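Peer 1: Quick one: this structure, given as structure tokens, is what I'll be asking you about.
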Amino acid sequence: MKWVGEAILKPTVVRIDQTQIEELHRRLLDFNESSDLATRSEYEAFRIMFAGEAIIGYTSGKIVSNGPHSAAAVQNAILDMTSSIDTKLVIGSDEAGKGEWLGPMTVAAVALTPEQTAMLRALGVMDSKSMSVVRIKELSRSVRRNALKVESLLISPEKFNSQHEEFRKEGKNLNDMLAWAHTKVISEVYETVKERKENIKIVVDQFARVKTEARLRGKIDLGKIELVQRPKAEDEIAVAAASIIAREAREAWIDWACMKFGFDLRELSVREAYEHANRNDFSKTTYLQSEIEGKS
């Protein structure tokens, strides 16, 4: 990280498929301002100096640019690689808050054309789990500006608590609720894009394969599309974009709740949250109960 006047320039990080690393390396070297450098560890696939700024490509697919000029070069090179990415329109879905006691559970679906996929990859859209809240907010705006369609569903803690109890009485669990929520946002996005000429692929981060497919079949003719459910599906840009939308919605709700209650809910301990008179309004009480019982 380097200083420019009063501002701090943070490295720009994007992620590409590991199979595209060598192609990106070649394309970056095509720029007149580029020169190849020796790598410094076994984890580096390449190291380039561009206009006085370093670009480091890692074998994992992570690309780090240490300045605005190098970041722009990486973005342009990735956009030029559009022809080598999936040619299908992709609908990705993901959720946030399903395992945390604080705040809502949010689920989102995002539809991207191949060109939009390339653009969002170039802008740094990737798995949101390691991103700061500030970065999540920045990228959520990029997703909304560039995606074909975005849908999200927010299940407030109060609604989650009552719905979770209803599902439990019916002999169902959290996976049934997730399958319902994912199906809702995916089907709403699908209704918007189904008349387009592109082939459509739906990608879901796997949590309950049979339940999810059964729910989707009730809303969508799966004979006309490709359905993919797999672990760590965030390497699909549409799923990563959905995770960003879902996380941004959850964090925004928590910010709003902090203002409503007049203190930072994120600083509450499990015990403090459990003993709070209004815990049903800001927490998933079943999770609180489990944590309290686990520690007793």
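Peer 1: Where residues in the range 46-69 are crowded, with 23+ Cβ neighbours inside 10 Å and touching a residue at least 40 places away in the same chain (Cβ under 8 Å), which of them is farthest from ILE244 (Cα to Cα)?
Peer 2: SER65
Peer 1: Got a number for residues in the range 74-98 being more than 20 Å from ASN199 (Cβ to Cβ) and modelled with pLDDT of 90 or more?
Peer 2: The number of residues fulfilling the criteria is 6.
Peer 1: OK, next. Which residue out of ARG266, ARG247 is exposed (fewer than 13 other Cβ atoms within 10 Å of the Cβ), under 24 Å from the mean Cα position of the chain (by Cα), not in a strand (DSSP E or B) and not hydrophobic (A, V, I, L, M, F, W, C)?
Peer 2: Just a single option satisfies the conditions, and that option is ARG266.
Peer 1: Got a number for residues in the range 147-159 being crowded, with 20+ Cβ neighbours inside 10 Å and in a helix (DSSP H, G or I)?
Peer 2: Looking only at that region, the number is 1.
Peer 1: Something else about it: In the list ASN173, ASN199, which residue meets the criterion of being in the same structural domain as ASN161 (by TED's automatic domain parsing), touching a Lys or Arg at 6+ places or on another chain (Cβ under 6 Å), at pLDDT below 95 and surrounded by fewer than 20 Cβ atoms within 10 Å (Cβ to Cβ)?
Peer 2: Residue meeting the stated conditions: ASN199.
Peer 1: Among VAL210, VAL204, which is the only one that is assigned to a strand (DSSP E or B) and either in contact (Cβ under 8 Å) with a residue 60 or more places away in the chain or within 24 Å of the chain's Cα centre (by Cα) (or both)?
Peer 2: Just a single option satisfies the conditions, and that option is VAL204.
Peer 1: Then there's this: For residues that are closer than 20 Å to GLY99 by Cβ and part of a helix (DSSP H, G or I), tally how many sit in the range 168-182.
Peer 2: 10
Peer 1: A further question follows. If you take the residues in the range 213-230 that are assigned to a helix (DSSP H, G or I) and of a type in the set (Gly, Ala, Ser), which one is modelled with the lowest pLDDT?
Peer 2: Here the residue is GLY223.
Peer 1: Residues in the range 85-118 that are aliphatic (A, V, I, L, M) and surrounded by fewer than 21 Cβ atoms within 10 Å (Cβ to Cβ): how many?
Peer 2: Residues flagged as aliphatic (A, V, I, L, M) and surrounded by fewer than 21 Cβ atoms within 10 Å (Cβ to Cβ) within the range 85-118 amount to 2.
Peer 1: Still on this structure, please answer the following. Taking the stated definitions as given, is GLU195 outside any helix (DSSP H, G or I) and over 19 Å from the mean Cα position of the chain (by Cα)?
Peer 2: Working: outside any helix (DSSP H, G or I): yes; over 19 Å from the mean Cα position of the chain (by Cα): yes.
Here the answer is yes, as GLU195 does meet what is asked.
Peer 1: Right, another one. If the requirement is being modelled with pLDDT of 95 or more, assigned by TED's automatic domain parsing to the domain that holds ALA122 and in contact with a strand residue (DSSP E or B) (Cβ under 9 Å, 6 or more places away or on another chain), which of these qualifies: ALA233, ALA249?
Peer 2: One residue alone meets the criteria, ALA249.
Peer 1: Sort out which residues of the range 195-223 are within 14 Å of GLU151 (Cβ to Cβ) and charged (D, E, K, R), and write them in order of number.
Peer 2: Scanning the range 195-223 gives a single hit, LYS219.
The values are calculated or read from the model by the stated rules, or taken from the named source; none is laboratory data. Everything quoted here is computed from the prediction, not taken from an experiment. All Cβ positions, glycine included, derive from the backbone under ideal geometry; neighbour counts span all protein chains shown.
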